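The values are calculated or read from the model by the stated rules, or taken from the named source; none is laboratory data. From a predicted model like this one, the values you see are computed outputs, not experimental measurements. A quick note on method: Cβ atoms are made from the backbone with ideal geometry, for glycine too, and the neighbour counts reach across all protein chains shown.
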Amino acid sequence: DTTLGDGVYEVDAPAAAGSLGIADGETGLITADIGATIAGGGTLTAVYRVRVTSDVSQGVPLINEAVTTGEDGAGNPIPEFNDDVGDTYPDEDSTEIGVREPGLALRKAITDVLRNGASIWPTPIVLWGDVLVYEVVIRNVGLGTAYNVDFTDELPFGVAYDTTYGDGTYEVDDPSASGALGIPDGAEGLIAAGLSVQINSGGTLTAVYRVRVMPEAIPGSYLTNLAVVTGEDGAGTPIPEFNEDVGDVFPDEDSTTIRLGAPALVTGKDIYCDPCDPDQPCDPCEPEPRALEVGMRVPFELTVTNVGYSAAYDVDIEDLLPPGFAYIEASTRIVWPGGILEGEVAEPLGAPGPELWWPTNATLEAGETLVLVFEALVTEEAPVGETIVNTMWARAVDDFGVPIPPDSSAIVPEDDDPYDSAELKLFVLPPSGSAGETRHAPDDEKERGYARSILLAMAWQEVQ
């Protein structure tokens with residue numbers, strides 16, 4: 001290597017000096033071909049340089065051997081040893097030095113999620129506006145020094161670099177170095193820190209930075225981003241991802257994944273029938289319209305299920321009773337995994353109807369179901385001989401207090417209820433007994449209905 005100048009030689013007797021004349025980049029057997037004369041007792045000293053390339057292997061030492069040749073005054077080759085002159089010294093010698101190569105390994109993790117500045121970590125779901133905190137740890141697992149170390153991160157669609165809580169930072173422990181990543185706020189797609197730092201053997205670089213989930217991100221999608229580390233060895237050659245010579249079996253890249261949540265509601269309405277009670281006067285498989293008699297006390301079952309990926313808050317349920325139906329006081333029981341409402345606190349607004357409204361204030365996590373059971377009386381004002389419709393609606397808000405759209409099927413495929421509403425068709429028959437006779441369900445039947453409501457909510461949660 002002649003980067004720092006050509007190799008040179010110098011003879012002290014007779015005095016002479018010059019360049020070795022070896023071409024830069026030569027490998028294998030190199031010959032100086034000086035042709036110098038050295039007087040008895042004289043010395044020739046040569047100084048030259050070689051560069052260690054990236055073709056070397058850690059664990060395989062570099063051994064190189066130098067050999068000198070010359071002639072006597074008669075032009076005969078000088079033998080290696082000559083007892084006549086006391087020459088017992090070798091005409092060759094070698095040097096040996098070990099090889100050290102760098103190796104890189106990267107690990108990436110989400111270490112926090114901030115919502116309105118407060119940590120909600122750990123969480124499997126994020127929402128628009130949330131700030132994710134990433135930590136990237138890069139280690140030099142080789143014995144050589146890694147140079148020009150940097151990393152990139154491919155942010156997913158709808159995620160942008162964020163400096164609201166400060167710029168991202170990095171710190172190297174050996175040799176000690178630290179600073180800001182310098183990535184501009186709002187950067188999207190492939191971001192690069194541009195560090196070009198040095199990491200000694202066994203050293204670690206730790207970078208911490210933040211990204212924000214933007215409104216463009218698709219609810220229900222998985223937000224996956226990939227960080228990749230790069231660096232060079234002492235020869236300026238890119239460090240390979242894996243290197244058996246240094247025991248580097250660690251990936252130079254790592255990714256994190258978290259889901260963008262969105263709640264979605266699906267409703268259901270039916271006449272409550274206990275499948276365990278053969279004497280109950282209803283058939284759960286009966287097609288609509290369901291036949292009811294004037295004077296009957298009818299148990300209705302309303303269900304609201306959050307089929308989305310994040311919580312639904314402040315669940316409200318509304319039911320529009322058909323003409324001639326009247327709510328029966330103290331007949332409501334509301335059950336969901338987070339609570340139970342019954343008695344006075346469960347009574348709907350607008351009773352006895354026709355418009356009933358239950359502001360439950362319930363929270364449904366992803367996959368949870370709320371079951372509401374109430375009873376209504378089919379009065380003499382009900383239209384006998386006609387098919388009528390009983391309709392319910394459900395409403396709730398997301399984490400930001402924004403009403404959940406009725407149709408979220410574009411982002412939550414499980415949402416097959418485009419109106420967050422359910423209908424039940426009924427057919428009114430005249431009373432089977434004497435005029436004005438009222439058929440009452442047994443009290444124990446009512447209790448069984450409440451118990452089944454609880455089991456339904458618990459079973460749905462287990463299935464999810």
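Residues are listed down the side, and each one gets a yes or a no for (1) touching a Lys or Arg at 6+ places or on another chain (Cβ under 7 Å); (2) at pLDDT below 90; (3) within 22 Å of residue 200 (Cα to Cα); (4) aliphatic (A, V, I, L, M):
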site: 239; (1), (2), (3), (4): no, no, yes, yes
site: 243; (1), (2), (3), (4): no, no, yes, no
site: 257; (1), (2), (3), (4): no, no, no, no
site: 265; (1), (2), (3), (4): no, no, no, yes
site: 274; (1), (2), (3), (4): yes, yes, no, no
site: 285; (1), (2), (3), (4): no, yes, no, no
site: 292; (1), (2), (3), (4): no, no, no, yes
site: 296; (1), (2), (3), (4): yes, no, no, yes
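Does region 349-376 hold any residues that are within 18 Å of residue 271 (Cβ to Cβ) and either surrounded by fewer than 21 Cβ atoms within 10 Å (Cβ to Cβ) or touching a Lys or Arg at 6+ places or on another chain (Cβ under 6 Å) (or both), and which are they?
353, 354, 373, 375 - these are the residues of region 349-376 that are within 18 Å of residue 271 (Cβ to Cβ) and either surrounded by fewer than 21 Cβ atoms within 10 Å (Cβ to Cβ) or touching a Lys or Arg at 6+ places or on another chain (Cβ under 6 Å) (or both).
Restricting to region 220-233, and then to whatever is over 14 Å from the mean Cα position of the chain (by Cα) and part of a strand (DSSP E or B), can you tell me which residue is farthest from residue 133 (Cα to Cα)?
Residue satisfying both the conditions and the ranking: 232.
From the set of residues in region 126-144 that are in contact with a Pro (Cβ under 6 Å, 6 or more places away or on another chain) and within 29 Å of residue 231 (Cα to Cα), which is surrounded by the fewest Cβ atoms within 10 Å (Cβ to Cβ)?
Once the filter is applied, the top-ranked residue is 144.
Since residue 116 meets every condition but one in (1) loosely packed, with under 15 Cβ neighbours inside 10 Å; (2) at negative phi; (3) not basic (Lys, Arg), which condition does it not meet?
Looking at each condition in turn, residue 116 falls short on (2).
So, residue 316, is that one among the acidic types (Asp, Glu), modelled with pLDDT of 95 or more and farther than 27 Å from residue 380 by Cβ or not?
It is true that residue 316 is among the acidic types (Asp, Glu), modelled with pLDDT of 95 or more and farther than 27 Å from residue 380 by Cβ.
Test each condition in (1) in a loop (DSSP other than H, G, I, E, B); (2) within 20 Å of residue 324 (Cβ to Cβ); (3) small (Gly, Ala, Ser) for residue 408 and report the one that comes out false.
Only one criterion in (1) in a loop (DSSP other than H, G, I, E, B); (2) within 20 Å of residue 324 (Cβ to Cβ); (3) small (Gly, Ala, Ser) is unmet by residue 408, namely (2).
Looking for whichever is within 21 Å of residue 220 (Cβ to Cβ) and modelled with pLDDT of 95 or more here; the options are 190, 132. Which one fits? So that I can check it myself, show each step before the final result.
Values: 190 fails: within 21 Å of residue 220 (Cβ to Cβ).
Of the residues listed, the single one that is within 21 Å of residue 220 (Cβ to Cβ) and modelled with pLDDT of 95 or more is 132.
In region 365-383, how many residues are in contact with a helix residue (DSSP H, G or I) (Cβ under 6 Å, 6 or more places away or on another chain) and among the aromatic types (Phe, Trp, Tyr)?
Quick first cut of region 365-383, residues in contact with a helix residue (DSSP H, G or I) (Cβ under 6 Å, 6 or more places away or on another chain) only: 368-369, 371, 373.
If we keep only those that are among the aromatic types (Phe, Trp, Tyr) too, we end up with none.
Number satisfying all stated conditions: 0.
Hey, among 152, 163, which residue is over 19 Å from residue 252 (Cβ atoms), among the hydroxyl-bearing types (Ser, Thr, Tyr) and surrounded by 15 or more Cβ atoms within 10 Å (Cβ to Cβ)?
Answer to the check: 163.
So which strands (runs of 3 or more DSSP E) stay within region 127-219 end to end and still have 3 or more residues that are touching a His at 6+ places or on another chain (Cβ under 9 Å)?
Working: elements: 131-140, 146-154, 159-162, 169-173, 176-180, 190-192, 197-199, 204-213.
Where strands (runs of 3 or more DSSP E) fall fully within region 127-219, none carries at least 3 residues being touching a His at 6+ places or on another chain (Cβ under 9 Å).
Might you check whether a residue that is in contact (Cβ under 8 Å) with a residue 60 or more places away in the chain, within 30 Å of residue 4 (Cα to Cα) and hydroxyl-bearing (Ser, Thr, Tyr) occurs anywhere in region 90-103?
Among the residues of region 90-103, not one is in contact (Cβ under 8 Å) with a residue 60 or more places away in the chain, within 30 Å of residue 4 (Cα to Cα) and hydroxyl-bearing (Ser, Thr, Tyr), which makes the answer no.
Pick from 37, 53: which is without any contact (Cβ under 8 Å) to a residue 40 or more places away in the chain and among the β-branched types (Val, Ile, Thr)? Write out each step before concluding.
On the way: 53 fails: without any contact (Cβ under 8 Å) to a residue 40 or more places away in the chain.
None of the other options fit; the residue is 37.
Just for region 245-255: of the residues that are among the hydrophobic types (A, V, I, L, M, F, W, C) and in contact (Cβ under 8 Å) with a residue 60 or more places away in the chain, which one is farthest from residue 202 (Cα to Cα)?
250
Determine which member of the set 441, 362, 435, 366 is at pLDDT below 95, over 18 Å from residue 320 (Cα atoms) and within 32 Å of the chain's Cα centre (by Cα).
None of the others qualify; the one that does is 366.
Working carefully through the options 22, 38, find the one that is of a type in the set (A, V, I, L, M), over 54 Å from the mean Cα position of the chain (by Cα) and modelled with pLDDT under 95.
Exactly one of 22, 38 is of a type in the set (A, V, I, L, M), over 54 Å from the mean Cα position of the chain (by Cα) and modelled with pLDDT under 95, namely 22.
Just the residues that are out of contact with any Phe, Trp or Tyr (no Cβ under 8 Å at 6 or more places or on another chain) and over 17 Å from residue 168 (Cβ atoms), please, taken from region 199-220.
Within region 199-220, 199, 200, 201, 202, 203 qualify.
Return the residue satisfying two criteria in turn: it lies in region 72-90 and is part of a strand (DSSP E or B) and farther than 21 Å from residue 30 by Cβ, and of such residues it is farthest from the chain's Cα centre (by Cα).
82
Quick one: which residue in 175, 215 is at pLDDT 95 or above and surrounded by fewer than 17 Cβ atoms within 10 Å (Cβ to Cβ)? Walk me through how you get there before you give the answer.
Working: 215 fails: at pLDDT 95 or above.
Within the list 175, 215, the selection yields 175.
Out of the residues in region 82-107 that are hydrophobic (A, V, I, L, M, F, W, C) and modelled with pLDDT under 95, which is farthest from residue 240 (Cα to Cα)?
Filtering first and then ranking leaves 85.
I'm trying to understand the selection: among the residues of region 421-431, which are in contact with a Ser or Thr (Cβ under 6 Å, 6 or more places away or on another chain) and surrounded by 20 or more Cβ atoms within 10 Å (Cβ to Cβ)?
422
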